[in-house]
Amino acid sequence: MAKNEGARVIVSELNPFRLELAASLGLATVNPRETDLVKLVNSETGGAGADVVFEVSGSAAGAEMMTRLPRTRGRVVVVAVFSDPPKVDLFQFFWRELKLCGVRVYEPEDFEKAIAIAAAGRLPMDRLVTNVVPLEGLAPAFRQLESGGEVMKILVTCS
C-alpha cells in the first residue's frame, strides 16, 4: 500500500519465500541477517534515515531496530502484537525526536480503499493469499506461519 501511494519501500524479512515474493512485486528487499539494515537505509537516504518505519514482526530484534532506522523527527508505526513487552531504546525517541504511533484498528475508509485497490487488480491477491483454511484449520495455519514456511497471508473461511 505504501508503494501504491508513491513511497519508496524497503522490506526487511528473514523468510526466503516472503523475500522472493516481495521482490517479485517490485519491492526492495533485504535479509537483515545478511545485510546491515541500518547501513543500507542510511545509504539509500543520504545518511538521513527513513521517514517512516513500520514494526510488524513483533520480535525483540524488530523493536530494537525500529529506533535505529528513522530519520530525526521520523515516525515509528507499531503494527505488531508483542507477546512479551520489548526493550525499546527510549533515548532515541528523545535524542532524535521520533514519533511513535500504534495501529490496531482500521477505519471503514481503510477497508473501502483496500477493497477498491484489490478489485481494480492493482494488488496480486492470488499471490498474497497463499492459503485458504476453514476455521477449524486455524491452529495448524498459525503453526505454519510461525515455522517460517512458504506462506504470506492466510484467509480463514467461517462458513
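Just one of R18, R73 is charged (D, E, K, R), under 16 Å from M152 (Cα atoms) and open to solvent by 50 Å² or more (accessible area, probe 1.4 Å); which is it?
Working: R73 fails: under 16 Å from M152 (Cα atoms).
Result of the check over R18, R73: R18.
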Legend entry - Among residues of region 8-53, those that are in contact with a strand residue (DSSP E or B) (Cβ under 8 Å, 6 or more places away or on another chain), within 25 Å of G121 (Cα to Cα) and among the hydrophobic types (A, V, I, L, M, F, W, C), counted: 8
Inset, instruction - Filter region 25-54 down to the residues that are of a type in the set (S, T, N, Q) and out of contact with any Lys or Arg (no Cβ under 8 Å at 6 or more places or on another chain), then identify the one that is most open to solvent (accessible area, probe 1.4 Å). - result: S43
Inset, instruction - Show the residue pairs that are 6+ apart or on different chains and have beta-carbon atoms under 7 Å apart, the first residue being within region 1-27 and free of Cβ contacts under 8 Å to residues at least 24 places away in the same chain, the second being part of a loop (DSSP other than H, G, I, E, B) and among the polar types (S, T, N, Q). - result: E13/N31; L19/N31
Legend entry - Single residue of region 129-159 satisfying the filter (open to solvent by less than 90 Å² (accessible area, probe 1.4 Å) and in contact (Cβ under 8 Å) with a residue 60 or more places away in the chain) that is nearest to A2 (Cα to Cα): M152
Legend entry - region 112-128 residues that are surrounded by 13 or more Cβ atoms within 10 Å (Cβ to Cβ), paired with ones that are of a type outside the set (A, V, I, L, M) and at pLDDT 85 or above (beta carbon under 6 Å, 6 or more apart): L128/K153
Inset, instruction - Considering only residues that are of a type in the set (A, V, I, L, M, F, W, C) and part of a helix (DSSP H, G or I), look in region 40-60 and name the one that is farthest from I10 (Cα to Cα). - result: A60
Legend entry - Near pairs, Cβ below 8 angstrom, 6+ apart or cross-chain, from region 34-48 (within 14 Å of R71 (Cβ to Cβ)) to any residue that is surrounded by 13 or more Cβ atoms within 10 Å (Cβ to Cβ) and of a type in the set (V, I, T): V41/I10; E44/I10
Inset, instruction - Output the helices (runs of 4 or more DSSP H) that fall wholly within region 61-159 and possess 1 or more residues being modelled with pLDDT under 90 and among the small types (G, A, S), or say none. - result: 108-119, 138-147
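The values are calculated or read from the model by the stated rules, or taken from the named source; none is laboratory data. As the structure is a computational prediction, the values presented were derived from the model and not from experiment. Every residue, glycine as well, gets a Cβ built from its backbone with ideal geometry; the counts of neighbours run over all protein chains shown. In case anyone asks, the SASA skips ligands and DNA or RNA and just uses the protein heavy atoms, side chains included. Shrake-Rupley method; radii C 1.70, N 1.55, O 1.52, S 1.80 Å.
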